[in-house]
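Just below is one structure, and these are the notes that go with it.
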Amino acid sequence: MAAARPSGSWSGALCRLLLLTLAILIFASDACKNVTLYVPSKLDAEKLIGRVNLKECFTAANLIHSSDPDFQILEDGSVYTTNTILLSSEKRSFTILLSNTENQEKKKIFVFLERQTKVLKKRQTKETVLRRAKRRWAPIPCSMLENSLGPFPLFLQQVQSDTAQNYTIYYSIRGPGVDQEPRNLFYVERDTGNLYCTRAVDREQYESFEIIAFATTPDGYTPELPLPLIIKVEDENDNYPIFTEETYTFTIFENCRVGTTVGQVCATDKDEPDTMHTRLKYSIIGQVPPSPTLFSMHPTTGVITTTSSQLDRELIDKYQLKIKVQDMDGQYFGLQTTSTCIINIGDVNDHLPTFTRTSYVASVEENTVDVEILRVTVEDKDLVNTANWRANYTILKGNENGNFKIVTDAKTNEGILCVVKPLNYEEKQQVILQIGVVNEAPFSREASSRSAMSTATVTVNVRDQDEGPECNPPIQTIRMNENAAVGTTSNGYKAYDPETRSSSGIRYKKLTDPTGWVTIDENTGSIRVFRSLDREAETIRNGIYNITVLASDQAGRTCTGTLGIILQDVNDNGPFIPKKTVIICKPTMSSAEIVAVDPDEPINGPPFDFSLESSTSDVQRIWRLNKINDTAARLSYQNDPAFGSYVVPVTVRDRLGMSSVTSLDVTLCDCITENDCTHRADPRISGGGVQLGKWAILAILLGIALLFCILFTLVCGASGISKQPKVIPDDLAQQNLIVSNTEAPGDDKVYSANGFTTQTAGASAQGVCGTMGSGVKNGGQETIEMVKGGHQTLESCRGAGHHHTLDSCRGGHTEVDNCRYTYSEWHSFTQPRLGEESVRGHTLIKN
């Protein structure tokens, strides 16, 4: 019985295991997928234990439910614990229910949880069963959870080769996490191929590891190729989302529409992208002041918008929001962070400036100018020192004469009313103004029942002032005939007392009188002609003669006025011809136009009558006049007069018979235009007075420059020729020119070349008219050139000389050969012959 007890106990346990397995199989037979998750024996609350691919079963599920309340499944398949769990048995399972409420379709996924302490043993058993049926040396998917709690070393996977059936195989690995940073994170058991992790890993630092596995025999033989293994680090939600700024500041204008965008906030999460760990949701969790709630935040984009159009800066100019961002798509167990958002309310011109009073009273003394008489104030609730607050004042009524001006004080925003043009108490004792005020910025709201401009009334009382005489109007005129007799009197300038409207007691004095033609009576202001008045004088403009008058009262107060004397025209000037010089180009013209003027008024002027005024018959015979219009006539010649100057007297009469004679200087010239004749001394010389234009002068200068260039070239060429070696010709005696005393020319006459010149060696010798040869002293010897007149050729006398051809100075053509010899040879050769010729000459003279 003692031996049977353990057997019965083992049998009962086996039965319970079989029943559990049977129940699981029956329950799982309806599942579309079975998933096994290997977890430690203790699971903390809100801990990720794995991820299930939901889309393999149901791609359109909109409802996800767990059969076990200790577990929660998110949309991406992440499995989280809701409470702390201790696995007392080796296995635990639950079902994930997937459904679509639209088409009533449902799916199930059965999830098994196994303790990690049993995993290694079960995997070894499974691998032993499958060893003969499947190739084991191939890449094996492998993953590990970041920040795993162990226990360490943590089994990850087994690497095994089929060649282990025939050989003793040793396993080894290399790569990141083994012999590269982070070192010693992974190792493999040499004999079994079991791969372990030695410590926790942070996915944000290492997303995955790619290591290489090797299978070798003890003697170093490698039956398998190196096997790459990728170990992926599964993400854990261990990073809080973080706002990009600690404090956000935005500005939104008051009275904006509902839905106006205020700004956008943004947060980042270092966890794995495109997972629930990085799916963020934004929200507003507080507002200061708390009510009313005026803002909302989009949960996905973080955009803040207005929910009301009642934002009023004048009530609240700033709001402070406390905002939150949470991962896990906002689930209650997601990680969250808060930040602050300050929203400033910008000002718009939604309040009109308003006068603090509706009426004002001010006073000003007459005749004062540029004085401040009143300050008005306004109220405006908009933001101070902005265009929405600053006031613009204007005078709406009562300032038709422009006596007032209103401006804004930039510091106080008050309106300053000033007098810019003097007021007259005698004309108006009170002025009523209506003033208005608006802002610099336009009013933002539409016109309502109330006026868009605040107005006020200003009553300005004008105070009387004891004034001096008034010269009004300041310019007064009288009429007088020109050439009026000296002593003629006329009314003058009149000033008056503004108080009594009388001129009594006012004294007058003449300030300016350009020509001193008049005097002024001190008591009455009347004027008296002192000199004859002339309307045609140079100082007269438009027939008005102006004098300045000073009027003063008994108290010495004065005013100044201008008296304009309108001079009425008298026909005292005859018409005349201002242009007295007339030029007629005879080849092209037969006449010239003459124009007459009359300084008098048109009533005493044209039409004019033109006639020739001369006692001689030559004027009448040569010239004739034809009238063109009222002020011009045509002077033409007849009977073909000669070129020259003529004096032609012309009489011109106005409509009233006043005339004058003008002597015209008429020139008949052989020219094309009048300007051609004005530069000539004699009008009959057609070629005189030629003027060259700028292009002609430039052409002449260019020609001169070209001639200088040619001359310089010839001089340089001649200098080169003069340096050629010269030899003495053999027929030197025949080439010598000797003076003959024979009067008549003969066959043997020879002319002497007495133009020899001797120069130092190295200098150039130039032939001049009358010079027949030149000599050059070179190397201690004197060289003489002989030139033979006429058209002859000088042959070389020693060696092969150079033959040159030169133009004669006098137009003849001469050819020159240069010869060189010493002075002693020349002297011994020519002296006896010169003696013989001298004796022969004396003999001829005697005969």
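The values are calculated or read from the model by the stated rules, or taken from the named source; none is laboratory data. Computed from a predicted model, the values in this text were never measured in an experiment. No Cβ is skipped: glycine too gets one built from the backbone with ideal geometry, and neighbour counts run over all protein chains shown. Heavy atoms of the whole protein, side chains included, go into the accessibility calculation; ligands, DNA and RNA do not. Shrake-Rupley method; radii C 1.70, N 1.55, O 1.52, S 1.80 Å.
The packing ranking, built from the mean of other Cβ atoms within 10 Å per residue, places the peptides 204-215, 695-706, 273-284 in the order 273-284, 204-215, 695-706, highest first. Taking label positions 7 Å along the Cα-Cβ direction at both THR377 and ARG634, the computed distance is 8.9 nm, reported to one decimal. Taking every alpha-carbon pair under 8 Å whose residues sit at least 6 apart, the range 227-379 reaches a relative contact order of 27 percent. Converting phi to 3J(HN,Hα) with the Karplus coefficients 6.51, -1.76 and 1.60 and the offset θ = phi - 60°, the range 391-406 yields 9, 10, 9, 8, 9, 8, 9, x, 10, 5, 8, x, 7, 10, 8, 10 Hz in sequence order, with x at every glycine or proline.
Keeping the other protein chains in place, figure out the carbon and sulfur percent of the accessible area of the range 581-669, with a 1.4 Å probe. C and S atoms contribute 49 percent here. Report the extension gain between GLN205 and ASN62 in nm, rounded to one decimal, defined as 0.36 nm multiplied by the number of residues separating them, less their alpha carbon distance. Contour length minus Cα-Cα distance gives 48.0 nm.
For the listed peptides 535-543, 477-485, a ranking on the average number of other beta carbons within 10 Å per residue, highest first, reads 477-485, 535-543.
Relative contact order for the range 30-115: 41 percent, from Cα pairs under 8 Å spaced at least 6 residues apart, divided by residue count.
Which stretch or stretches of the range 451-478 have amide N atoms under 20 Å from the point lying 7 Å from ASP409's Cα along the Cα→Cβ direction? Zone members listed by number: 455-460. With a Förster radius of 30 Å applied to the beta-carbon distance between THR244 and THR84, the computed FRET efficiency rounds to 0.25.
Computed extension gain for ASN491 through PHE443, at 0.36 nm per residue and net of the alpha carbon distance, reaches 11.0 nm. Note on the range 146-211 and the range 261-339: Cα centroid distance 45 Å, given to the nearest whole angstrom. In terms of the mean number of neighbouring beta-carbon atoms within 10 Å, the peptides 595-606, 305-316 order highest first as 595-606, 305-316. Between the amide H of ILE583 and those of THR667, distances stay under 5 Å, these residues lying 5 or more places away or on another chain, with hydrogens modeled in the peptide plane.
Amide H contacts under 5 Å for THR368: LEU423, restricted to partners 5 or more places along the chain or on a different chain, H placed in the peptide plane at 1.01 Å from N.
Dipole size of the range 30-115 about its Cα centre, with +1 on Lys/Arg Cβ and -1 on Asp/Glu Cβ: approximately 220 debye, rounded to the nearest 20.
The calculated FRET efficiency for the pair ASP464 and ILE544, based on their C-beta separation and a Förster distance of 60 Å, comes to about 0.95.
The phi torsions of the range 627-634, fed into the Karplus equation with coefficients 6.51, -1.76 and 1.60 and a -60° offset, translate into couplings of 6, 9, 8, 5, 10, 9, 9, 10 Hz, rounded to whole numbers, with Gly and Pro shown as x.
In this simple spin-label model, placing a label point 7 Å from the Cα along the Cα-to-Cβ direction at both LYS322 and LEU711 gives a separation of 11.0 nm.
Would you mind getting me the FRET efficiency between LYS106 and THR261? Use the beta-carbon distance for r and R0 = 45 Å, nearest 0.05. So the FRET efficiency works out to roughly 0.60. Treat each spin label as a single point 7 Å out from the Cα along the C-beta direction, and report the LYS580 to SER659 distance in nm. It is 2.0 nm.
Quick one: what are the phi-derived ³J(HN,Hα) couplings along the range 702-712, Karplus 6.51/-1.76/1.60 with θ = phi - 60°, whole Hz, x for glycine and proline? Karplus values, whole Hz, x for Gly and Pro: 5, x, 5, 4, 5, 5, 4, 5, 5, 4, 5. Using the Cβ of VAL288 as centre and a radius below 11 Å, the other residues enclosed give a net charge of +2, where K and R count +1 and D and E count -1. Summed over all non-identical Cα pairs, the Kirkwood treatment of the range 581-669 gives a radius of 13.6 Å. Annotation: amide H of LYS47 within the under-5 Å range of THR81, sequence separation 5 or more or interchain, hydrogens built in the peptide plane.
The distance linking the range 547-576 with the range 584-624 is 40 Å (Cα centroid to Cα centroid, whole angstrom).
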